[in-house]
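The values are calculated or read from the model by the stated rules, or taken from the named source; none is laboratory data. Note that the structure is a prediction, hence the values are computed from the model and not measured. Ideal geometry is used to build each Cβ from the backbone, glycine not excepted, and the neighbour counts take in all protein chains shown. Surface accessibility is based on the protein's heavy atoms, side chains included, excluding ligands, DNA and RNA. Shrake-Rupley method; radii C 1.70, N 1.55, O 1.52, S 1.80 Å.
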Amino acid sequence: MKHLLKFLLVLMLCLPNLAAQQAKQKIALLLYNGKVFTADAHFTTAEAVAVDGERIVAVGTSSELRGKYQAAKEIDLQGKLVTPGFNDAHVHFLRGALSLLNVVLTDTKSLAEAQSKIAEKVKTTKAGEWINGRGWDHTIWKQNFPTRKDLDQIAPNNPVFLVRVDGHVGWANSAALKLAKIDRNTKNPEGGEIERDANGEATGILKETAQGLVAGLIAQPNQAQMQKGLELALDMARRYGITSVQDNSGYETTKLYRDFLRADKLTVRVSEWQDFEDSVERLKAQRAEFEGFKDDKNRLKLTALKGYVDGTLGSRTAAMLAPFSDDAGNSGIPRRSQEELTKMIVERSNADFQIALHAIGDGANRMALNGFAEANKTKFPCNLAGTTPTVKKVSGYDACVENRRNRIEHAQVISPSDFKRFEELGVIASMQPSHAISDKRWAGERLGEYRVLGAYAWHLMQSYRVHVPFGTDFPVESINPYITLYAAVSRQDAEGIPVGGWQPQEKLTIQEAIRCHTFESAYAEFAENVKGEIKAGMLADLVVHSKDLLTIELKEILTTETVYTIFNGKIIYEKK
Ligand SMILES: [Zn+2]
């Protein structure tokens with residue numbers, strides 16, 4: 001009897017526990033005791049996220065989720081911040097990947113620092129072999145253009161060719177000039193200049209098309225180099241919590257990505273862009289061929305057609321409505337007439353493609369908007385008053401005129417009356433905050449005191465309810481998302497200049513900036529239903545950060561690091 005009582009007592013004590021254990025749902029991963037910034041429209045935060053398979057299954061408090069789920073792996077975040085994985089809305093991923101195989105001079109602070117990086121490469125390169133690289137910026141070094149002599153000292157036995165950060169100027173050593181047969185008698189090619197010293201000798205600086213004289217001698221990368229470069233770029237993306245990229249590499253590159261995807265090595269989701277310049281027939285044929293592959297479209301897909309309306313502000317080739325303030329008579333160069341551009345846009349829209357046009361100057365932006373307005377008129381009657389909305393597939397996704405989601409890439413200088421048109425036409429302004437803090441050194445002089453108010457104006461753009469996804473234009477800028485966030489909220493360079501921020505009215509809050517680099521980017525690629533927020537049912541792409549971005553001092557954002565990157569439900573990076 002006594003034994004029986006004792007047994008019953010034990011049973012009573014254990015039963016509720018057993019029941020709870022049995023009721024717990026088994027999942028793969030539980031993050032708890034953190035600060036989960038969901039990046040939804042209300043900037044909601046939570047404490048815990050439950051993940052199973054490739055999806056998020058629940059978001060809530062730690063006690064709630066720990067009571068409900070039993071995870072194969074649990075991570076106590078100890079208060080750390082979690083956000084959705086970053087989605088870089090504008091990269092040149094393959095070009096950037098290949099640049100990682102070469103000398104990277106981005107962020108070098110002096111000629112001496114650049115020389116020591118090149119000297120390192122010389123040590124591991126056989127005599128006679130090419131040394132290539134990119135990313136130098138003499139304005140940061142606070143000097144005139146460097147010369148071949150600066151390279152001859154450190155690389156006497158290798159031809160060297162290094163492209164400036166903007167891609168418009170090359171720097172060669174004497175060995176490279178000799179191979180290219182450039183001497184005092186060589187004429188400048190059309191659209192380019194071989195810079196010469198007082199004695200008429202080439203200095204080693206080759207501007208615009210003159211770069212081709214040397215660049216044309218360098219062998220195209222082979223398959224093995226492309227694979228190696230892509231591995232390095234993917235490793236970098238993992239370390240920065242980047243889980244999606246929208247890519248300028250072109251249709252052919254999807255073959256390389258597909259190989260990586262099938263080997264389960266593609267640790268970012270790729271939205272690849274086709275070339276706007278290609279014929280409609282060719283674009284359709286590519287789309288049809290791509291549709292034939294049955295790989296996961298959430299991990300590799302085609303979205304927009306990428307085209308160019310003008311050049312750059314730095315090289316004064318951006319198409320402006322009025323001349324540059326520091327160059328009277330020069331209003332830049334549109335690539336083609338309005339008529340021709342509009343015709344191409346309309347043709348491609350009629351074939352149901354999303355279009356993404358590079359436009360920097362206020363003139364180029366207006367031309368793109370005019371073209372998109374025409375495309376909206378001839379198709380998708382849902383924007384006309386009194387008609388029933390018609391939903392159609394654009395680039396394979398359901399769309400109507402309000403969300404056909406044509407994009408302007410950069411949208412750098414906008415005339416005051418054109419902000420509203422972005423909203424009216426449903427055009428996305430795909431912007432790169434790091435460009436603003438790089439360009440601020442000279443943008444004011446180029447644009448003058450009034451036009452500069454409409455430059456890099458992401459806050460004004462958002463106040464018109466325009467969708468503003470963030471990207472980096474890697475490798476033009478670093479792919480580091482913490483620099484993007486810092487630039488968006490501070491409008492200052494890494495040194496904190498200018499105090500208070502350049503055109504500070506355009507600052508965003510950190511919450512807004514994170515949403516631009518996650519949700520808004522997803523929207524721009526028709527994917528906001530599967531990623532860009534932390535919500536049950538979404539793909540589990542998450543980043544855990546070393547610091548609380550929401551509360552730290554602005555400068556601290558730059559030294560924040562990714563602690564975990566979770567992609568498609570799996571931990572793909574953990575900071576050691
Ligand atoms: Zn670009």
- Tally the residues that are away from the ligand (no atom under 16 Å from the Cβ) and either open to solvent by 10 Å² or more (accessible area, probe 1.4 Å) or farther than 15 Å from H517 by Cα (or both), restricting the search to the stretch 467-479. 1
- Query: Just to be sure, is G444 in a loop (DSSP other than H, G, I, E, B), in contact with a helix residue (DSSP H, G or I) (Cβ under 7 Å, 6 or more places away or on another chain) and of a type outside the set (D, E)?
  - Reply: no
- Note on the structure: In the stretch 74-97, residues that are surrounded by 22 or more Cβ atoms within 10 Å (Cβ to Cβ), within 30 Å of G135 (Cβ to Cβ) and touching a Phe, Trp or Tyr at 6+ places or on another chain (Cβ under 8 Å) total 9
- Item | Qualifying residues in the stretch 408-449 (those that are within 16 Å of the ligand (Cβ to nearest atom) and modelled with pLDDT under 95) - the one surrounded by the fewest Cβ atoms within 10 Å (Cβ to Cβ) | D439
- Message: Looking at A112, A58, A48, A71, can you tell me which residue is more than 28 Å from the chain's Cα centre (by Cα), open to solvent by 60 Å² or more (accessible area, probe 1.4 Å) and hydrophobic (A, V, I, L, M, F, W, C)?
- Response: A112
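I need the full set of residues from the stretch 75-108 which are in a loop (DSSP other than H, G, I, E, B) and under 25 Å from E520 (Cβ atoms), in order please.
K80, G85, H92
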- Subset of the stretch 480-516 (residues that are crowded, with 22+ Cβ neighbours inside 10 Å and at positive phi): R491
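Quick one: would you say D107 is surrounded by fewer than 21 Cβ atoms within 10 Å (Cβ to Cβ) and modelled with pLDDT of 95 or more?
No.
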- Query: Say we look at the stretch 245-294 and pick out the residues that are over 22 Å from V530 (Cβ atoms) and within 16 Å of the ligand (Cβ to nearest atom); which of these is farthest from the chain's Cα centre (by Cα)?
  - Reply: E277
- Item | Test for I497: is it assigned by TED's automatic domain parsing to the domain that holds G329, touching a residue at least 12 places away in the same chain (Cβ under 8 Å) and of a type in the set (V, I, T) | no
- Message: Residues that are part of a helix (DSSP H, G or I) and open to solvent by less than 10 Å² (accessible area, probe 1.4 Å): does the stretch 264-278 have at least one?
- Response: no
- Meets criteria (in contact with an Asp or Glu (Cβ under 6 Å, 6 or more places away or on another chain) and not in a strand (DSSP E or B)) for E533: yes
- Item | Filtered residues of the stretch 341-380 (kept if surrounded by fewer than 20 Cβ atoms within 10 Å (Cβ to Cβ) and under 17 Å from A319 (Cα atoms)) | T342, N370
- Query: How many of the residues making up the stretch 545-571 are under 20 Å from the mean Cα position of the chain (by Cα), in a strand (DSSP E or B) and aliphatic (A, V, I, L, M)?
  - Reply: 1
